[in-house]
Structures are given as C-alpha cells and as structure tokens.
Amino acid sequence: TSMVRFAKASDSAEEGETVEVQILRSGDTSSDVRAEGSRVGGDADSTDYRILDRQVRFTPGQTSTSARVQILEDTRGEAEKYLILGLSSSDATVAGGAGARFRLTLAENYGAERLELLGGRADQHVAH
C-alpha cells in the first residue's frame, strides 16, 4: 500500500507568489496513485488564494510531486491570514500526524506597494 503526506508542515508566501507544496509517497510505488489537496481550515478565503493543482498524480516509481497554490494580490491592507490544506486519496493511505495537514501563511505586501507608489524607501519618512 502507498502512503501520501505533505513533505513539511508549513510555509509562508507573500501576495503575488505561487507556492509549490511538496507531496511525498512511500510504501508500494509500483502503480499510479492520485491524491487531492483541498482547503480544510484557516481564515483565508477564495479571494486570497487559488489552488492550481487540486489533484496530483504519482507515476510508478515516483515518490515526490508538488501542487501549486497561488497567493492572490489585493489592494487592501490586511492582517496575515492562513490556509490549511489536507490530502485525500482513494488510491493510497493518507499519513496521520504532521504529514496530514499543511499550513500556508499568507503575508501581506500592501505596505511595500504603498512605499513604491509614494516614491519613498522604507527608511524615509513622508511629510504631510
């Protein structure tokens, strides 16, 4: 029997970035295995991210693949948000514990964009 799990428990990314979430397979690697990633928690909503690869496929002998998550940009200044992904598979066992979930922290980049628009640098003060 194959087992699938996330390679690490967490990561972070800024708006506008695309994150590669690594998924590992162990055990029997002699056949095709499909796994699906989906949102299972967090305070980020569909306006904050897009899961580009909901389903991944492991070919025979393949032990690693990745799914991409795009962090969407906005113009609102917000607090950091997070997204929790879970795995499911009808072809393999999903690991328990830390490998079963992946937490992605979505960092806000609005402050840096505002400095660029004002023509300032982080170490300059803008007079009003």
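Starting from the Cα coordinates of the stretch 1-110, work out the convex hull volume and express it per residue in Å³.
Numbers: hull volume 8.8 nm³, N = 110.
For the stretch 1-110, the hull spanned by Cα atoms encloses 80 Å³ per residue.
Taking the mean number of other Cβ atoms within 10 Å as a proxy for protection, how do you rank 35-46, 4-15 from highest to lowest?
Values: 35-46: 15.2, 4-15: 17.1.
Taking the mean over residues of other Cβ atoms within 10 Å, the ranking is 4-15, 35-46.
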From the Cα centre of the stretch 1-35 to that of the stretch 85-101, the distance in Å is 9 Å
Please give the contour-minus-distance gain from D45 to T63: 0.36 nm per residue of separation, less the Cα-Cα distance, rounded to one decimal in nm.
3.4 nm
Label points 7 Å out from Cα along the Cβ direction at V94 and A9: separation in nm?
1.8 nm
Run the simple label-point estimate for I84 and D53 please: 7 Å along Cα→C-beta, distance reported in nm.
2.4 nm
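Here, each number is a calculation from the coordinates, and none is a lab measurement. Predicted, not measured: the structure shown is a model, and the values here were computed from it. Here the Cβ is made from the backbone with ideal geometry for all residues, glycine too, and neighbour counts use every protein chain on show.
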